[in-house]
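The values are calculated or read from the model by the stated rules, or taken from the named source; none is laboratory data. These figures come from a predicted structure and were not determined experimentally. When we count neighbours, we look across all protein chains shown, and the Cβ atoms used for this are built from the backbone with ideal geometry, even at glycine. Keep in mind that these areas ignore ligands, DNA and RNA; they rest on the heavy atoms of the full protein, side chains included. Shrake-Rupley method; radii C 1.70, N 1.55, O 1.52, S 1.80 Å.
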Amino acid sequence: MAAWSVEETVRYFSSYAAKYDEDLSPETYPAPFVVPAWVLERLLDTPELAQLDKGAGSEPPRPLRVLDLGCGTGQRVFFEHPLRDHFRVVGMLALARKLPFAETHCKDIESELDIGLDFDAVVCIGVMDFCRDPSVFKQLHKMLSPSGCAGITFPDARGDGSLAKFNREQIESLADAHQLSIVRSEQLFGYRDSETGEDTHYIGVVLIRK
Ligand SMILES: C[S@@+](CC[C@H](N)C(=O)[O-])C[C@H]1O[C@@H](n2cnc3c(N)ncnc32)[C@H](O)[C@@H]1O
């Protein structure tokens, strides 16, 4: 599990925040472009948005609620989508908010996840790397609406470095233990680790409530 404390994580991202977006590209760090798009795909299948996405229908009864855990500067797939006005994105961050979130909460997601319930989607991209224990799972079932889904990346167990690592069996048993089903799971390139110089990989998953 990760050797970084919350204080170390905050210190690291506090100094990195100003430059973060310069390094963010689908080639150098694809996860925030790929996994939120899987979640968006599922959201667009919800009856509220399916019609609008085809250019028909009236306003949905309410905006879809998205929670971005460890949001950093934010996931562009929601803010740049033509239906962006129908998303209400709540960000939880240690630092670096940039996009126009409906709300942001500066909290440690490992200890203070009392952020509200009934989210249609929860995304948590590039964050499990820094979590000493994957306690976010304990809350997921409760935070998701009955038809909601979550998109999470887990650093693949291969490779060195001091951040947390997970293998497929661990992810499956975490999902199972918390009444969640994995409906999509793919390996993707992570990023080049500045500490070890190695390429890292992620396992990206989409989860729904059992
Ligand atoms: C690699 S960045 C990813 C940011 C964004 N999700 C993305 O994909 O671009 C990791 C983010 O997780 C946040 N983070 C890590 N541990 C956290 C914790 N315990 N509580 C809240 N945020 C945390 C960091 O502050 C940082 O913004």
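Tabulated results
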| quantity | calculated |
| --- | --- |
| Residues of the stretch 176-193 classified as farther than 20 Å from Tyr29 by Cβ and of a type in the set (Ser, Thr, Tyr), total | 1 |
| Whichever residue in the stretch 102-153 is of a type in the set (D, E, K, R) and near the ligand (Cβ under 10 Å from one of its atoms) and, among such residues, is surrounded by the fewest Cβ atoms within 10 Å (Cβ to Cβ) | Glu112 |
| Search result, residues across the stretch 19-31 that are part of a helix (DSSP H, G or I) and within 17 Å of Asp199 (Cβ to Cβ) | Asp23, Ala31 |
| Tally, over the stretch 158-175, of residues that are under 25 Å from Leu24 (Cα atoms), within 19 Å of the chain's Cα centre (by Cα) and not charged (D, E, K, R) | 3 |
| Residue in the stretch 17-27 that is touching an Asp or Glu at 6+ places or on another chain (Cβ under 8 Å) and open to solvent by 70 Å² or more (accessible area, probe 1.4 Å) present | no |
| The listed residue being in contact with a Ser or Thr (Cβ under 8 Å, 6 or more places away or on another chain), modelled with pLDDT under 85 and under 29 Å from Gln187 (Cα atoms), out of Asp21, Asp108, Asp45 | Asp21 |
| Filter result for Arg168 (open to solvent by 20 Å² or more (accessible area, probe 1.4 Å) and modelled with pLDDT of 85 or more) | yes |
| Subset of the stretch 10-45 [over 17 Å from the mean Cα position of the chain (by Cα) and among the hydrophobic types (A, V, I, L, M, F, W, C)] | Val10, Ala17, Ala18, Leu44 |
| Residue list for the stretch 132-172, restricted to those being hydrophobic (A, V, I, L, M, F, W, C) and closer than 16 Å to Leu67 by Cβ | Val136, Phe137, Leu140, Met143, Leu144, Cys149, Ala150, Ile152 |
